[in-house]
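In what follows, a structure is listed as structure tokens, so that the remarks can point back to it.
None of the figures in this text is laboratory data; all of them are computed from the coordinates on show. Since the model is a prediction, treat every value here as computed from it, not as a measurement. In this analysis, Cβ positions are derived from the backbone assuming ideal geometry, glycine residues included, and neighbour counts consider all displayed protein chains.
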Amino acid sequence: MIYLLSGLLTGGVLTAVCWPLFATENSLEATILEETEWDLLQRRKEVMLGNIQDLDFEHKCGKLSDEDYRALREEMAGEVGVVLDQIDQLETSQDLDVLIRRAVSVRKQKPSESAACPKCNHSNVRGNKFCAECGAKL
């Protein structure tokens, strides 16, 4: 009898612990967190622009000839142009999800306001509860 009860209790605990690991989530939060085509295009654009910066650096260091640099730069600029056109097409559509994501990304790019510490006058990021310099409560 005791073995049966302990087995049922162990099975119940294991089920409660493992359930979130295997359950699929169809909630609104899960849908919002999914990566959309716009997110993929934005990431691709950032990578391509970084590659162009690397190419410029390599050329300035003398590792690329002028002809190779021009050819590669034109090719990369063309690829970025295609991605930017795709982003523009998505953003001009009436898809509310895209419009919301664009607004959120614009707000994230704005510099964060800072709060001065009353003790040491150090400029801290707004939202911090303690000063990053002296540890005083903000």
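Among (1) surrounded by fewer than 11 Cβ atoms within 10 Å (Cβ to Cβ); (2) outside any helix (DSSP H, G or I), which single condition is residue 64 missing?
The number of the failed condition is (1).
Please verify whether residue 54 is free of Cβ contacts under 8 Å to residues at least 12 places away in the same chain and exposed (fewer than 13 other Cβ atoms within 10 Å of the Cβ), treating the condition exactly as stated.
Against the criterion (free of Cβ contacts under 8 Å to residues at least 12 places away in the same chain and exposed (fewer than 13 other Cβ atoms within 10 Å of the Cβ)), residue 54 qualifies.
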